[in-house]
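Asker: My questions will all concern the structure given below.
The values are calculated or read from the model by the stated rules, or taken from the named source; none is laboratory data. All values reported here derive from a predicted model rather than from experimental measurement. Cβ sites come from the backbone with ideal geometry, for glycine too, and all protein chains shown count toward neighbours. Quick note on the areas: whole protein, heavy atoms, side chains included, nothing else; ligands and nucleic acids left out. Shrake-Rupley method; radii C 1.70, N 1.55, O 1.52, S 1.80 Å.
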Amino acid sequence: MASAMASARTSRRLATALCAGGLVAGLAACGGGGDAAGTGSGSTAAGGAATTGKIAAVIKGLDNPFFQTMESGIKTQAGTSKAEVTIQAAAAITDTSGQADKLSGLAGQDYKCFVINPISGTNLIQGVAQLSAKNVPIVNIDSPIDAAAAEAASAKIATYIGTDNVEAGTMAGKTMGELLPGGGDVALIGGIAGDVTSGARLEGFQKGIPSGVKVVQTVAADWDRQTALAKATDIMRAQPNLKGFFAANDDMGLGISRAIANAGKTGQIKVISVDGNKDAFEAIKAGGVDAVVAQYPYVIGAMGVEACQAAMAGKTLPTNVKAPVQVVTKDNVDQALSAAPKPGESYDDPFAALLK
């Protein structure tokens with residue numbers, strides 16, 4: 001829990017810095033180059049806002065379906081708005097040094113704007129600082145860079161787009177309370193120990209649960225399905241009265257669901273996770289997962305491209321944009337599946353408005 005709380009404090013420090021404008025620069029940029037996944041070099045965005053130059057996106061590993069969907073959002077938006085976008089992904093969700101090398105390599109080229117989704121709060125700081133020194137706008141999506149490290153390195157971002165992870169965790173905690181009206185023991189399975197996103201979700205969950213729901217154990221499973229399966233199996237043996245699990249992502253939630261099924265306790269132990277992957281929605285329909293706090297990586301990726309286009313057009317960007325979040329249960333899972341990869345509910349997109 002100490003690492004989770006430290007992570008949450010780091011997340012709050014970033015939000016404070018962003019809102020104060022200390023790490024966010026509304027930057028205009030110039031130049032362009034690199035291999036592209038979209039179309040058009042000097043293009044006009046939807047609605048007529050002129051944009052020029054190429055965009056580079058450096059995201060987390062595509063071994064996770066969440067980031068596959070994010071990549072799809074980036075590519076689709078690039079095609080829709082005729083933006084030329086180069087996408088490079090880390091080899092895996094834990095490949096911090098490899099991801100940093102990809103950003104550094106692209107930073108030496110003449111791209112107009114960068115979209116970054118760092119694996120950790122600090123692994124891309126050097127590359128961001130290199131770009132900031134050249135006044136290249138940087139759009140930070142999904143996982144925030146560490147505020148203190150960025151400030152020390154003079155690494156600035158133009159805007160941050162992502163889920164309010166404390167809020168997402170709180171929504172999960174409230175939902176667990178509804179699933180367990182009589183209360184009960186629950187266990188938390190987080191991602192990588194010390195990870196900002198994981199820590200914020202775990203913190204939020206504990207804020208959201210009612211007094212009758214008690215957290216009896218918290219472990220890390222490295223965002224991995226098989227690791228979560230093994231950890232959940234161990235927890236169920238150690239906690240025979242367990243009534244629920246909260247997982248910091250869907251992949252781990254699906255591993256937990258399998259562990260519960262292996263123990264013959266499907267339906268007896270509730271499972272809530274965060275992400276909104278199609279497999280998790282299907283698991284809700286099948287009864288293995290009870291609820292998902294769905295965020296929308298497709299939308300986050302698409303907004304990242306829009307933000308770059310707005311920055312290149314000289315627009316002033318909002319410092320911090322909350323991505324849409326929705327609680328999905330058996331009651332609305334069909335709607336969620338039919339709307340995927342977008343939300344089944346309306347949401348605000350300030351960047352689309354800037355490009356009109």
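Asker: Please work out which residue is farthest from the chain's Cα centre (by Cα), limiting yourself to the stretch 256-266 and to residues that are surrounded by fewer than 24 Cβ atoms within 10 Å (Cβ to Cβ) and of a type outside the set (A, V, I, L, M).
Answerer: Per the criteria, the residue is Gly264.
Asker: May I ask you to list the residues in the stretch 305-356 that are aliphatic (A, V, I, L, M), in a loop (DSSP other than H, G, I, E, B) and surrounded by fewer than 19 Cβ atoms within 10 Å (Cβ to Cβ)?
Answerer: Ala313, Ala340
Asker: From Gly191, Gly183, grab the single residue that is buried (at least 21 other Cβ atoms within 10 Å of the Cβ) and either closer than 24 Å to Ile145 by Cα or modelled with pLDDT of 95 or more (or both).
Answerer: Checking each option against the conditions leaves just Gly191.
Asker: Give the residues of the stretch 199-239 that are part of a strand (DSSP E or B) and open to solvent by 60 Å² or more (accessible area, probe 1.4 Å), sorted by residue number.
Answerer: Passing the criteria: only Lys214.
Asker: Another question, if that's okay. Inside the stretch 82-93, can you point out the residues that are over 14 Å from Gly105 (Cβ atoms), open to solvent by less than 20 Å² (accessible area, probe 1.4 Å) and not in a strand (DSSP E or B)?
Answerer: Scanning the stretch 82-93 gives a single hit, Ala83.
Asker: Of everything in the stretch 281-334, what is hydroxyl-bearing (Ser, Thr, Tyr) and either closer than 20 Å to Ile269 by Cα or under 14 Å from the mean Cα position of the chain (by Cα) (or both)? Give them in sequence order. So that I can check it myself, show each step before the final result.
Answerer: Taking the stretch 281-334 as the starting set, the residues that turn out to be hydroxyl-bearing (Ser, Thr, Tyr) are 296, 298, 316, 319, 329.
Answer for the stretch 281-334, where residues must be hydroxyl-bearing (Ser, Thr, Tyr) and either closer than 20 Å to Ile269 by Cα or under 14 Å from the mean Cα position of the chain (by Cα) (or both): Tyr296, Tyr298, Thr329.
Asker: Looking only at the stretch 235-279, count every residue that is touching a residue at least 40 places away in the same chain (Cβ under 8 Å), farther than 15 Å from Thr218 by Cα and out of contact with any Pro (no Cβ under 6 Å at 6 or more places or on another chain) and tell me the total.
Answerer: Within the stretch 235-279, residues that are touching a residue at least 40 places away in the same chain (Cβ under 8 Å), farther than 15 Å from Thr218 by Cα and out of contact with any Pro (no Cβ under 6 Å at 6 or more places or on another chain) number 9.
Asker: Select, from Gly79, Gly162, the only residue that is open to solvent by less than 30 Å² (accessible area, probe 1.4 Å) and in contact (Cβ under 8 Å) with a residue 24 or more places away in the chain.
Answerer: Unique residue meeting the criteria: Gly162.
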